[in-house]
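Computed from the coordinates by the stated procedures, all read-outs in this text should not be read as laboratory data. All of these numbers come straight from a predicted model, not from anything done at the bench. As a convention, Cβ positions derive from the backbone with ideal geometry for all residues, glycine included, and neighbour counts pool all protein chains shown.
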Amino acid sequence: MSTESAESTRQGRTALVTGASSGIGAAYARRLAARGWDTVLVARRAQRLDDLARRLREEGTGTRVETLVADLSDPADLARVADRAAGDDIGFLLNNAGINGYGPFADLDPALLRKVLDVNVLAVTVLARSAVAAMRERGRGTLVNVASQLAFAGSLPPGPLPERAVYGGTKGYVVTFTRTLAAELAGTPLHVQVLCPGLTATEFHRSRGEEPVEGREQQVHEDGGMPVHQVVDASLAALDTGDVVCVPGLRDTTPVDRLTEAERTLREAARRGTP
Ligand SMILES: NC(=O)c1ccc[n+]([C@@H]2O[C@H](COP(=O)([O-])OP(=O)(O)OC[C@H]3O[C@@H](n4cnc5c(N)ncnc54)[C@H](OP(=O)(O)O)[C@@H]3O)[C@@H](O)[C@H]2O)c1
């Protein structure tokens, strides 16, 4: 095969994964590489990205691996990643990086709140915008945005989960943003999914997100949770079936259908203006 045709067959075969230095992002990147995707690994911890890149190369999947060290709450870094996401070769964007910023709302440092919004909302939106525009141009591509089951359950009685209003709000944004975008792109060859894990065994609860978790080896928080590979399996299975909302652990999608029905009822009531 000539170099030129080898290059053209790689078009759209690169997956850009944010938050690839640990947890769900690292597991997802490994799975995509095993499926033959070239990868662009994005996070703040360079050493962790290098370790994963080496591992992917050693696993001999024959794919190319690139690391992109960036703090997604930094406008200049975000712009660099957005440029990369718009690349001709990007066929899959996993918008996974996220921080929790947990704490009593009125006591939280406003700078931390801003960072939660920057990483969980602004970066997700800006990167999706870059990638989707390029994918639409090429006529194919996949976007997976990682939200959380907390988008639905954060305020549920009898015990609303405490001290995570802003985090829950950002994940609510990701759910609404992705579902609405999926509706806009329905009928195009682009696949869009919002992945809504419940508690997952990662290092997520070891930091509020101001700074990365220290240490070269991946850690797991003490709260337990679903193994990352099950979350990735669920997402990939939902891409196969075309489900926009993926809740790992939910075997039957009836609750999602019911949610849609409830939303329809609310919309109709609002249209009627019933007091
Ligand atoms: N674990 C759970 O229970 C759970 C449940 C529902 C949803 N989620 C969601 O799942 C996603 C992945 O989380 P995880 O559980 O895998 O946690 P994790 O192991 O802490 O991974 C978070 C990833 O985001 C990256 N990240 C954080 N801040 C960043 C920044 N400013 N710039 C660039 N990258 C940044 C981290 O890398 P660096 O620190 O190296 O930058 C890390 O790779 C998040 O969106 C989270 O909200 C998690």
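Points to keep in mind about this one:
- Candidates 128, 147, 34: whichever shows maximal mean-square fluctuation once the chain is modelled as a Gaussian network with Cα springs under 10 Å: 34
- Protection proxy ranking, highest mean first, for peptides 23-30, 186-193: 23-30, 186-193, where packing is the per-residue count of other beta-carbon atoms within 10 Å, averaged.
- Taken along the Cα-to-beta-carbon direction at a fixed 7 Å, the label points for residue 267 and residue 217 span 5.1 nm.
- Expressed in units of 2.2 N^0.38 Å, where N is the residue count, the Cα radius of gyration of the chain is 1.01.
- Residue order, fewest to most surrounding Cβ atoms within 10 angstrom, among 244, 124, 42: 244, 124, 42
- In terms of its C-alpha gyration tensor, region 112-161 has an oblate overall shape, because the principal axis ratio a/c (a ≥ b ≥ c, square roots of the eigenvalues) is not below 1.5 and a/b does not outweigh b/c.
- Measuring between their Cα centroids, region 83-127 and region 179-200 lie 17 Å from each other.
- Per-residue HN-Hα couplings for region 200-217 [Karplus 6.51, -1.76, 1.60; θ = phi - 60°; Hz; x = Gly/Pro]: 10, 7, 9, 9, 4, 8, 8, 8, 8, x, 4, 10, x, 5, 7, x, 7, 7
- The packing ranking, built from the mean of other Cβ atoms within 10 Å per residue, places the peptides 96-104, 255-263 in the order 96-104, 255-263, highest first.
- Per-residue ellipticity at 222 nm, computed for the chain from helices alone with -39500 (n - 2.57) per DSSP H run of at least four residues, works out to -14500 deg cm²/dmol.
- Coupling constants for region 175-181 follow from the phi torsions by the Karplus curve (6.51 cos²θ - 1.76 cosθ + 1.60, θ = phi - 60°), and in residue order they are 5, 5, 4, 6, 5, 5, 5 Hz; glycine and proline get x.
- Here the contact order of the chain, divided by its residue count and restricted to Cα pairs under 8 Å and six or more residues apart, works out to 17 percent.
- Dividing the mean sequence gap of close Cα pairs (under 8 Å, 6+ apart) by how many residues region 70-142 holds gives a relative contact order of 47 percent.
- More than 21 Å apart - percent of Cα-Cα pairs taken over region 141-240: 44
- Net dipole in debye of the chain [+1 Lys, Arg Cβ; -1 Asp, Glu Cβ; about Cα centre; nearest 20]: 500
- Length gained when the stretch residue 107-residue 260 is fully extended (0.36 nm per residue, less Cα-Cα span): 51.5 nm
- Ranking 36, 96, 273 by how far each Cα lies toward the positive end of the dipole of the chain (charges on Cβ) leaves 273 at the top.
- Our summary gives region 140-244 a relative contact order of 29 percent, counting only alpha carbon pairs under 8 angstrom and 6 or more residues apart.
- In region 121-205, a dipole from Cβ-located charges (positive for Lys and Arg, negative for Asp and Glu) runs towards its positive end, and of 186, 196, 160 it is 186 whose Cα lies farthest in that direction.
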